[in-house]
1. When the label point is put 7 Å from the Cα of residue B:357 along its Cα-to-beta-carbon vector, which residues of the stretch B:1-44 have a backbone N closer than 17 Å?
2. Below 8 Å, C-alpha to C-alpha, sequence gap of six or more: please give me the relative contact order for chain A in percent.
3. Under the rule of at least 5 residues apart or a separate chain, name every residue whose amide H is placed under 5 Å from the amide H of residue B:297.
4. Any chance you could list the semi-axes, whole Å, largest first, of the equivalent ellipsoid that the Cα gyration tensor gives for the stretch B:18-90, using √(5λ)?
5. May I ask you to list the GluC sites (Glu not before Pro) in the stretch A:291-381 that are in a DSSP loop and have at most 15 other Cβ atoms within 10 Å of their Cβ?
6. Ratio of the protein assembly as shown's C-alpha Rg to 2.2 N^0.38 Å, to two decimals?
7. Using θ = phi - 60° and the Karplus relation 6.51 cos²θ - 1.76 cosθ + 1.60, list the HN-Hα couplings for the stretch B:206-222 in order, rounded to whole Hz, with x at every Gly or Pro.
8. Can you tell me what share of the DSSP beta bridges in chain A is antiparallel? A percent to the nearest 5 is fine.
There are 2 protein chains.
Amino acid sequence: MKDKTFLMIPGPTPMPESALMEMAKHPMAHRSKEFSNILKEVFENLKYVFQTKNDVFLFTASGTGAMCAALENLINEGDKVLCLSIGNFGARWEKIAKSRGAEVIEIEAKAGDIIKPEILEEELNKNKDIKIVTLTHSETSTGAANDIKTLCSIIKNHGALSIVDGITSLCAMEFKTDEWNIDVAVSGSQKGFMIAPGLSFLTASEKAFKMHENCKFPSFYFNWSEHKKSLSKDTTPFTPAVNLICSLHTSLKMIREEGIENINKRHKKLTLALRSAIREIGLKLLVEDDKNASHSITSILPPENITVPDIRKTLKDDYDIIVANGQGNLENKIFRIGTLGFVSERDLIMAVGSLEASLIKLGYKFNVGSGVKKLIEELNK
Amino acid sequence: MKDKTFLMIPGPTPMPESALMEMAKHPMAHRSKEFSNILKEVFENLKYVFQTKNDVFLFTASGTGAMCAALENLINEGDKVLCLSIGNFGARWEKIAKSRGAEVIEIEAKAGDIIKPEILEEELNKNKDIKIVTLTHSETSTGAANDIKTLCSIIKNHGALSIVDGITSLCAMEFKTDEWNIDVAVSGSQKGFMIAPGLSFLTASEKAFKMHENCKFPSFYFNWSEHKKSLSKDTTPFTPAVNLICSLHTSLKMIREEGIENINKRHKKLTLALRSAIREIGLKLLVEDDKNASHSITSILPPENITVPDIRKTLKDDYDIIVANGQGNLENKIFRIGTLGFVSERDLIMAVGSLEASLIKLGYKFNVGSGVKKLIEELNK
């Protein structure tokens, strides 16, 4: 049906009506007092979501822009950077670091696995001159999630800076920037923040700012010092995407009302219930252990003799639900269901029910209704 | 009155209702066929507006992002760059070039003046090793506009690359990328394109692409080669601001319908009529000669004994019209009225009438009604 499409991908996510309506207003003057008042509240509420006492900068850019903003304010040619990769987005850190002339060491986990603390420790001991370590919290391409708290404490003890991609984890999972010793954290608007793509966020510790001061050619557009200066005056260095910011202003108020701990719990509950339902209908999960699962995205293997494109097509054509394919090597090997952002129990019941309806149409033999039953039982626990 | 604010600043500009409505739809999946179809048309129509046969890349970023995208794909440390500055935004090129280690030569014109061709010629003859020349078409901070056609032909003869800021000139003024030998041109969404801020555009000539190939550390986020590769598949390298792109899709269709030559003429007519009306009521223009005037923004000096803040405050409080202050050294010395984008004769009659009403309230002695009369006469010519 026209206009019925419902996204269950790891961003963009569905949006609350009130945040959508903000988008349709005539743009505000970006240097007006009225807009500065909005920005002031946005900056304050971003600190709440990132759980930090430091500033959170706001960029008019995709999440990848914020990833560039992280490394391009720190790296000088020849710097040694350790990139811990558990999928496509982990590998992106490596590409950005190399684009600035860094000497990159990469540790890559198998698809669906996470980084083991002892391997990080070993690598840091072998290379005492590692300056920066990049990590992914929730890996969007696989649905695995690293134990950031443990990994960042190891990095802190070694003395390097930790840079964490929290693009699909902020809001969906517990994320404590200051308490967990994360030096630089980034995220994006079309994820747990429940609005459209086009904005991204970054926070940096004092220690990161000290390293930034020695960066010879820091990014101009994403320059931390310029953003800090503007932020202190409730403004941005360059014309920002004002409509997106007004929309974010609304969604951040919703986030504060629900409370970040409750939002984390909601995502965890939805994901674990989805995982139980998937197992119940006899499908396999790419990330086997619940402990290693991201709470924003779940990667599912299709049953034998049924293809990922067929499952995605049936869900789309007959039920107007979009789920994601795998990326890179995982294309057509897995499909991914997002539970990120403005997603409720009702949405998940619909998704699991529609998945069951699609699978039966495609000839998969199973106890129809068992997935929804299991889901409801888990949700009602 | 609440919700009555009308922007007459050099961007953001008022928006057509149909483009606003696109903003309020749930975000589309950025890797879907449906979205690719939209992007394909957007890319095609951007080429029409830029008057080029080359690709026009689309960035999720402010106009300044596209300026960075221009220089950060070309400059190596130590390269000689000539920056021709006629105001604040001309000076921004210089800052970006320096942030990449370029050796910058600056020529600065007095506020309101433009770059004289003979001065450019002289400088290029003195410095045969200049690799890149940056220029501004319409200088937003003063309302002056360079003769890009003449300047770029001189640059071409010398052999350097020309990089033109067309942020407030595209649509408002004739701009022929290919015919005028412009190597790199940039613009932004919240200007002549009539939509909200958050997108920017760049096109690069074959010659520019050749220089790009020798850039040692090209920008990652704004990388031309990556954007070219994605564009050929009707997509973007990173998640773009999909709602803004759907909005742009609508406004570009309006631009094609009206026709770029007609849009150029409309802006010229509005600006010249405004300038006549301003002179008629006895105020001075910062850019004295009509030949040097931008057709997107007009800088006006306040009458003696009346301040710029008082004029802006009266226009805002009593008539809900926002006009811009001067920037930097020109703050409180001029105010600036935008005629850029979705602005009609009716809007300008309202603005000049409201300006007259404000001036009489502030004690300025003049023949009330004479500005509107002159404006109408010029518009009806």
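1. Zone members listed by number: B:1-8.
2. About 23 percent, as a whole number.
3. It is B:339, by chain and number.
4. 32, 15, 14
5. Filter output for the stretch A:291-381: A:304, A:331.
6. Against the compact-globule rule of thumb, the ratio is 0.99.
7. For the stretch B:206-222, the Karplus-derived couplings read 4, 4, 5, 4, 5, 5, 4, 4, 9, 7, 6, 10, x, 3, 7, 5, 9 Hz, x marking Gly and Pro.
8. 50 percent
None of the figures in this text is laboratory data; all of them are computed from the coordinates on show. All values reported here derive from a predicted model rather than from experimental measurement. A quick note on method: Cβ atoms are made from the backbone with ideal geometry, for glycine too, and the neighbour counts reach across all protein chains shown.
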